[in-house]
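See below for the structure under consideration.
Rule-based calculations on the coordinates, nothing more; no lab input. Just so it is clear, the structure is predicted and the values come from calculations on it, not from any experiment. Reconstructed Cβ throughout: ideal geometry from the backbone, glycine too, with neighbour counts over all protein chains shown.
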Amino acid sequence: MVSMDRIAVYAVIALVLAAPPAAADEAAVARGKYLFDAAGCAGCHTDSKNKGPLGAGGRALKTPFGVFFSPNITPHAEHGIGTWSEDDLARALRHGVSPGGDHYFPVFPYTSYSGISDADIGDLGAYIFSLPAVARRNRPHQAPPPFGWRFLVPVWKWLNFTPGPLAPEPKRDAAWNRGAYLVEALAHCGQCHTPRGALGARKPAMKLAGTPSGPEGGIIPNITPDQETGIGGWSDADLRSLFKMGMKPDFDFVGGAMGEVVANTTSRLTDADLAAVIVYLRSLSPVRHQVRRKKEGER
Ligand code: HEC
Ligand code: HEC
């Protein structure tokens, strides 16, 4: 015979099983939204210029290798990633491989996202799969051979890509490790700020040292702590104003690509995360590399 006590226990177990997942999901969606912002997914996957819906793709990304159009990553079954499993999303971000086994072009910065932790990829998925599904067809890329040849991507990856996740550095403290994770993986600062070689691989010795030929042809400044050519002379307050409002120490505002990074990413980071980014940037080896256009009157 089943006692009343037993029934009560079963009822409690049933409640515990039924209730928390919904609450946990909401928390995962909220964490995922923060990560989606920190990783700048919206910037590339939204055609803001033409008032396209969030995540529905179609933004043109001009690179030295051709024009790439971001795909629709809303959970639409036909035009987006609605039929994907969580593992499919993990494979795309960690390994740059599609559910069908195709290799993604590295304009999709999975060479950085590969460093994202499993837990954070799970939360990103919870948020992405909670977005409204948008029926917007993907546009084919306009990249001439050999760069538009997808079957060559594995060769490029074999030469230039080591999958993550990023391992914490035990000799460094929590703030430094958090900063490294943000700069190297999530916010992928090096995708713009590190100069590239002929085949588009980032040059490790020049990490974050800037380039005169960045994405969209822009000049990307040196953000290593070099006193003269980098941000060595910037105070923490200078860096915070830049990340929060886009304002530089000379009261100029950053525009273009960094303007978007500030709006979509750095201005949305918590104060603790911004402080961690600053700790990490200051710990880098200074690289002397003048890329910034000199202003009138500047020597
Ligand atoms: C710098 C621009 C850029 C950023 C930032 C970016 N993506 Fe992408 N993403 C792309 C491009 C371009 C492709 C298409 C690559 C290809 O066709 O090989 C792509 C492909 C994808 C795909 C595969 C879609 C499909 O239909 O196969 C997924 C999923 C994806 N991105 C998710 C994300 C997520 C999640 C983030 C943020 C963590 C993100 N992307 C950030 C440019 C970007
Ligand atoms: C999509 C490309 C892109 C990404 C990603 C990017 N930046 Fe930038 N960044 C730029 C450009 C372009 C400028 C120059 C903007 C200007 O002067 O108008 C810039 C300027 C800066 C400056 C000002 C330096 C100076 O000397 O004026 C700092 C600091 C900076 N970025 C830090 C970062 C950090 C930290 C990240 C990652 C969280 C990051 N950037 C990600 C493109 C990018």
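Structure values in brief
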{"item": "Val254-Asp5 FRET efficiency (beta carbon distance; Förster radius 51 Å; 0.05 resolution)", "result": "0.20"}
{"item": "On Cα atoms only, tilt of 236-245 relative to the major axis of the chain in degrees", "result": "70 degrees"}
{"item": "Spacing of the two label points (7 Å from each Cα toward its C-beta) at Gln290 and Arg172, in nm", "result": "3.0 nm"}
{"item": "Aspartates and glutamates with Cα under 19 Å of Lys62, excluding same-chain neighbours fewer than 8 positions away", "result": "Asp47, Glu216, Glu260"}
{"item": "For the range 169-299: rounded, prolate or oblate by the Cα gyration tensor [a/c cutoff 1.5]", "result": "rounded"}
{"item": "Protection proxy ranking, peptides 201-207, 48-54, 133-139, 123-129, average beta carbon neighbours within 10 Å, highest first", "result": "123-129, 133-139, 201-207, 48-54"}
{"item": "Surrounding net charge for Pro71, when Lys and Arg each add one and Asp and Glu each subtract one, Cβ distance under 14 Å", "result": "+1"}
{"item": "Across Lys157/Lys203; Lys157/Lys207; Lys171/Lys248, pairs whose alpha-carbon gap is larger than 22 Å", "result": "Lys171/Lys248"}
{"item": "Inverse mean reciprocal Cα-Cα distance (Kirkwood Rh) of the chain, Å", "result": "20.9 Å"}
{"item": "Extension gain from Lys62 to Trp158, taking 0.36 nm per residue of separation minus the Cα-Cα distance", "result": "32.1 nm"}
{"item": "Theoretical gain in end-to-end length, Ser48 to Asp118 [0.36 nm per residue, Cα-Cα removed]", "result": "22.3 nm"}
{"item": "Length released on extending from Arg150 to Glu86, taking residue separation times 0.36 nm less the Cα-Cα span", "result": "20.7 nm"}
{"item": "Calculated FRET efficiency for the pair Glu78/Glu216, C-beta based, R₀ 45 Å, to 0.05", "result": "0.90"}
